[in-house]
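Contents: one structure, followed by commentary.
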């Protein structure tokens, strides 16, 4: 228990007081804008009556002359006929070349030589 002869602990309280005035309301501009807009519309209506004589402008008759004679389209020019594709050797010729390649002889330089092929000059 606590000793009744001891003084109590000191507790510090801090209080903040806001002394700023309340913010001002700015709602008066909306009414003024409505009033100015109404005045502009009224001036526009008065100007229309003064300059147009109070009547809508007369409509002009549209031009109804239509030319339906259209020249017929012509066919486009066709390009020249393409060259035929190169011919492929027959399977028999391909087999013969492959056989020649497999039977190639080795020349003196150690390179393989295809039978019937020309050698490049050294």
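A few notes on this one:
- Straightening the chain between residue 46 and residue 9 buys 4.9 nm, computed as 0.36 nm per residue apart minus the Cα-Cα spacing.
- Residue 24-residue 99 pseudo-label distance in nm [points 7 Å out on the Cα-to-Cβ vector]: 11.3 nm
- When you work out D = kT/(6 pi eta Rh) for the range 51-102 at 4 °C and 1.567 mPa s, using the Kirkwood radius from C-alpha pairs as Rh and the Stokes-Einstein form, the result is 64 µm²/s.
- Where labels lie 7 Å past Cα in the beta-carbon direction, separation of residue 88 and residue 74 in nm: 4.2 nm
No value in this document is a laboratory result; all are computed from the given coordinates. The shown structure was predicted, so the numbers you read here are calculated from the model rather than taken from an experiment. Note: ideal-geometry Cβ built from the backbone for every residue, glycine included; neighbour counts use all protein chains shown.
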